[in-house]
Amino acid sequence: MKRKFTAAITTAALALTLLNGCGNAEGTPQTTDEPAAQEQASGEAPAADTADSAAQTESGEAKTVTVWAWDDNFNVAVMKEAARVYSETNPDANINVDVVSLSKEDVYVKLQTALAGGGSGLPDIVLLEDYVSGKYLNTFPGSFADLTDKFDYSQFLSFKVDAVSQEGKTYALPFDTGATALYYRLDLIEQAGYSEEDMQNLTWDEFIEIGKDVTEKTGVQMIVEIANNKTTLVRAMMQSCGLWYFDKDGNINIKNNEALAASFDIIVKMKEAGILYEAESTEGRAGALNNGTVASVVNAPWFISSIRQAEDQKGLWRAARIPRISTLDSSINASNVGGSSWYVLENSEVKDDAIAFLQGVWEGNTDFYDTIMRNQGAMGSYIPAYDTGVYEEVDEFFGGQKLNGLFAEVLPDVIPVNYGGYVAEANDAITTALANLFEGKTDINGALEQAESQLSNQLGR
């Protein structure tokens, strides 16, 4: 059962959450597992870039579809490319697509304000992270168009479709994915007596044992996470079991969550074994890898750009499926962290045109998906695109490995879960619980009980 707050309470809570880094994959303000948002100097929407349709209406004016998104180098760039492709392939559509670049925080705050205020000033299409979309669907029912019959969702990854669906209806066009991988320095692994083959099909227990040898023989710690926020690992481990902070009905699922308990145990074992490097920030995490302080990291495709910053390490890196939890039969060597989707506003004056635009590019055009994968590293959710040439390309930085192909293999295996819409709040509770656990203030069961209590109080459940 999905609880709906009263309008006044929900609006205030949502605004505070968004300003506090809502939807942030790390669960902390100013940091994210996804590409960094491009901040705007003012809260006003900047002038939009437009892909002009060749054809005009009888009056000489084309309809305009306005899109809100963040990150000029990723989401915005991808949607601009979609607008260009649509203009070329549908010259008679009479549609211009205006892609408005905002910071992620501005997208969420402006959207929340407009919806709470009755709908004035809304875009026609908006990008929402899968981790927060449930919050908007619950808080503002009827505000987003039902797209259930508008796309063949069997052609999209099931866990992505589940993330944008509620009560039998689907409300978005799935966009990017966060297929997790274990990125590691093969040269350091080899110095410890292991091979690339040894890094395949691992359990976390096996990973820790390898890590002990790597740290002992090279002086380099095996894996890095952020000191005050280890939720990337937690979420990756948890979803590998098909479990989440919330159950399939949206109820909080923390204190009795076997996957969460197992992930806490694994992270504590890493700490005790001396193989866990705790970085002070997102930038510090990347820096520890770039300067050779750490041998591996678990993260999504968009983290690759951070690894590539160390040009002198070209050819030394490899990627593999993440380890699984050996104590849980449900755990697999596949998971996902993050990802976003495109929503159409129900009261848009050009709703049908907005849907037609999404249909015309995002469903069926595999060349488009190839382009955004090559240019932006954006791995979409459209399954037929995984059979194209881009997934056969080798990556010399990763020793000639077919890196894109690895992600294409992982993603269909990811187990769908109900994100619940309040992942940022859950991340905060988990972060506090882990800190108490590390400091010896509680045991794992106590930490999980504390986290559930904190989240329940925050959400009023």
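We did not get these values from a lab; they are worked out from the coordinates using the rules stated. Here the structure is a predicted model, which means the values were calculated and not measured. All Cβ positions, glycine included, derive from the backbone under ideal geometry; neighbour counts span all protein chains shown.
Taking H as built 1.01 Å from N, whose amide H comes closer than 5 Å to the amide H of ASP176, not counting residues under 5 places away?
When sequence neighbours closer than 5 places are left aside, the close amide H contacts are SER340.
If amide hydrogens are placed 1.01 Å from N in the peptide plane, which non-local residues have theirs closer than 5 Å to the one on VAL65?
It is ASN96, VAL97, ASP98, by chain and number.
As a test of the formula, what do you get for the chain when each DSSP H run with n ≥ 4 contributes -39,500 (n - 2.57) and the sum is divided by the residue count, at 222 nm and rounded to the nearest 500 deg cm²/dmol?
-12000 deg cm²/dmol
Could you state the angle between the C-alpha long axis of helix 444-459 and the longest principal axis of the C-alpha atoms of the chain, as a value from 0 to 90 degrees rounded to the nearest 10?
Relative to the chain, helix 444-459 is tipped by roughly 20 degrees.
Using θ = phi - 60° and the Karplus form 6.51 cos²θ - 1.76 cosθ + 1.60, what ³J(HN,Hα) does each residue of segment 178-195 get, whole Hz, x for Gly and Pro?
x, 3, 7, 9, 8, 8, 9, 7, 5, 4, 6, 4, 5, 4, 8, x, 10, 10
Give the order of SER154, SER326 when sorted by the count of other beta carbons within 10 angstrom, beginning with the fewest.
SER154, SER326
Determine the percent antiparallel among the DSSP beta bridges restricted to the chain, to the nearest 5.
Looking only at bridges with both residues in the chain, the antiparallel portion is about 60 percent.
With a/c under 1.5 counting as rounded, go ahead and sort segment 228-358 into rounded, prolate or oblate using the C-alpha gyration tensor (a ≥ b ≥ c being the square roots of the eigenvalues; past the cut-off, prolate if a/b is larger than b/c, else oblate).
In terms of gyration-tensor shape, oblate.
I'd like to compare 394-404, 421-431: which one has the highest average count of other Cβ atoms within 10 Å, and what's the full order after that?
Ranked by mean Cβ neighbours within 10 Å, highest first: 421-431, 394-404.
Taking a 32 Å limit on the Cα-Cα distance, which of the listed pairs LYS150/LYS248; LYS110/LYS169; LYS169/LYS269; LYS104/LYS269 fall beyond it?
In this structure, LYS169/LYS269; LYS104/LYS269 exceed 32 Å between Cα atoms.
Calculate how steeply helix 204-218 sits against the longest principal axis of the alpha-carbon atoms of the chain, using the helix alpha-carbon long axis, and give the answer as 0 to 90 degrees to the nearest 10.
60
Taking the simple approach of a point 7 Å from Cα along Cα-to-Cβ for both ASP443 and THR388, what is their distance in nm?
5.3
How would you rank ASP413, ASP92, ASP98, going from fewest to most other Cβ atoms within 10 Å of each one's own Cβ?
ASP92, ASP413, ASP98
Which far-off residues, 5 or more places away or on another chain, put their amide H under 5 Å from the one on LEU147, with H placed in the peptide plane?
For LEU147, whose amide H was placed from the backbone, the distant partners under 5 Å are THR170, TYR171, ALA172.
For segment 331-338, just list the computed ³J(HN,Hα) in residue order, Karplus coefficients 6.51, -1.76 and 1.60, θ = phi - 60°, integers in Hz, with x standing in for Gly and Pro.
6, 10, 8, 7, 6, 8, 10, x
Can you put ILE208, ILE125 in order, fewest other beta carbons within 10 Å first?
Taking fewest neighbouring Cβ atoms as first place, the list is ILE208, ILE125.
In what sequence, highest mean first, do 137-145, 174-182 appear when ranked by Cβ atoms within 10 angstrom?
Numbers: 137-145: 18.3, 174-182: 26.2.
Result, highest mean first: 174-182, 137-145.
Compute the helix-to-body angle for 351-362: its Cα long axis versus the longest principal axis of the chain, expressed 0 to 90° and rounded to tens.
Tilt of helix 351-362: around 50 degrees.
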